[in-house]
Every structure is written in structure tokens, then in C-alpha cells.
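Down below is the structure, laid out as C-alpha cells.
The values are calculated or read from the model by the stated rules, or taken from the named source; none is laboratory data. Note that the structure is a prediction, hence the values are computed from the model and not measured. Note: ideal-geometry Cβ built from the backbone for every residue, glycine included; neighbour counts use all protein chains shown. Quick note on the areas: whole protein, heavy atoms, side chains included, nothing else; ligands and nucleic acids left out. Shrake-Rupley method; radii C 1.70, N 1.55, O 1.52, S 1.80 Å.
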Amino acid sequence: MFTGEDMGKAFSEEERLLIKKKLQQAALELTREKGLSNFSIREVTRMAGIAQGGFYTFYENKEALFYDLLELRGAQKTKELLTWVNEGHEKELTDPVHFMEELLYYEGMHLKENKAFNNAASDSLHLILNQNEEYVQMVKRQYCEIEQGLIDYWKAHGLCVEIKRERFLAFLRACILLFMNAEWIGNREFPEFFHQFIADGVPNYISVKRISQ
């Protein structure tokens, strides 16, 4: 375990990256199990195997840690999706509008299994909606990378796809608002309602034309 005394010494860059990774892994697990409000910094550091005071070497507070986790998971999801696309999945990707509908629905419902995102009082969702400008720009960069990767794939397969980016991003924020009110809508009814909301919305922001040969 890294003790408080350890934190006072100069760590190598490799050691710092290892400690930060341990904090991130612990926080991801605790956030998934409990939600952001329901665990303490003490729990994070105990699970990571470092002294509690060492946390503040890396993060100002839990909110700063959470934004870091969002960036980390966003980067991982971006890499996973683009790898999947580049491996070639013609059957799934031949209908861009339907693909985006299903992607949003299944990714969204997967989040419902995460304690950080499964109730109307979700502090995690509130933090996402009240993002600082730096985080907003990071999310846009990740989204643009995914969007361009998909557009390039479709173009290589004979489809010209145009996405109204700013309006589509606003639509994604509306999806988050739905999550925040899932309990009020009704947990049993929510999956069908959410799926219909996406199916009605996505075609308004994405157009597809076949490229002339």
C-alpha cells in the first residue's frame, strides 16, 4: 500500500500513472455499484491501496475524479466502436439511420444497469448536464471522432451520410433528460418509450444518399 509518507516522496511518472489507474479503477467500480454520492474518498483510496491523503495529489474532489472517469470511458468507448467499425460489419452498417438508433438505444439501456445513471436523482447525470467548458469540448472531440469514423466507413461503402451535428448533440442531451426522469415515466414503460423517442428523433438529424458509381 502507498502510505501518506510515500506520497511525500517524488514518484516516477510510471508510478504516478499506476497510482492514478488504481484510483480510476476503484472509482469506476464504486460508481457503478453505488452512484457518485454514496461512496467516500476513503473507500476509493482503500480499494486502490493508497493513503487517503494521496487522493488529493491527483484530484481536487470527487467531482474532478468523475469528470476524469467520463473522459476515460468516453475514450475507451470511442476506440472500441471505431475498432468494431474498421473490422467490417457490413450487415449492421448498411442502414446508417437504423444503426444510430440501435446504438443509442442499447448503449443507453446498458447505462441503466449502472447505479450512477439509474434514477431521477442521479448526481452523475446532473454533473454531465452541468459540465464545465473543458469537459464539453472533450466530449465534442470524442463525438466528432466517432462521427467521422462512421461517415468515412459509409462513404467507402457507397453511402453519403450527413449529420446535423449541433442539433444531434442537443438530441443526445434530451436523451439524458429522459434518463433523469425514467422513474417518473415508469421503469416498466421506459424502455419502449425511450426506443420510440430515439426512432422518432434520429431520422431528423441524419440524411443518407447513395453515391453514384
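Scanning the stretch 53-69 for residues that are touching a residue at least 24 places away in the same chain (Cβ under 8 Å) and surrounded by fewer than 17 Cβ atoms within 10 Å (Cβ to Cβ) turns up Gly53, Thr57, Phe58, Glu63. Looking at the stretch 169-182, is at least one residue of a type outside the set (Val, Ile, Thr) and more than 22 Å from the chain's Cα centre (by Cα)? No, the stretch 169-182 contains no residue that is of a type outside the set (Val, Ile, Thr) and more than 22 Å from the chain's Cα centre (by Cα). For the stretch 29-42, residues that are part of a helix (DSSP H, G or I) and either in contact with a Leu (Cβ under 6 Å, 6 or more places away or on another chain) or among the small types (Gly, Ala, Ser) (or both) total 1. Scanning the stretch 149-180 for residues that are within 20 Å of Tyr105 (Cα to Cα) and loosely packed, with under 14 Cβ neighbours inside 10 Å gives Lys164, Arg165, Glu166, Arg167, Ala170, Arg173, Ala174, Leu177. Restricting attention to the stretch 56-106, the residues that are modelled with pLDDT of 80 or more, within 19 Å of Leu169 (Cα to Cα) and not hydrophobic (A, V, I, L, M, F, W, C) total 6. Every test in (1) open to solvent by 50 Å² or more (accessible area, probe 1.4 Å); (2) within 30 Å of Ser40 (Cα to Cα); (3) at pLDDT 75 or above; (4) of a type in the set (D, E, K, R) is passed by Lys115 save one, and that test is (3). Being of a type in the set (A, V, I, L, M), open to solvent by less than 40 Å² (accessible area, probe 1.4 Å), modelled with pLDDT under 85 and more than 15 Å from the chain's Cα centre (by Cα) is a description that does not apply to Ala48. Each residue in the stretch 91-101 was checked for being open to solvent by 40 Å² or more (accessible area, probe 1.4 Å) and within 15 Å of Leu81 (Cα to Cα), and 1 pass.
Where helices (runs of 4 or more DSSP H) fall wholly inside the stretch 127-213, the ranges with 2 or more residues that are free of Cβ contacts under 8 Å to residues at least 12 places away in the same chain and closer than 21 Å to Lys79 by Cβ are 133-156.
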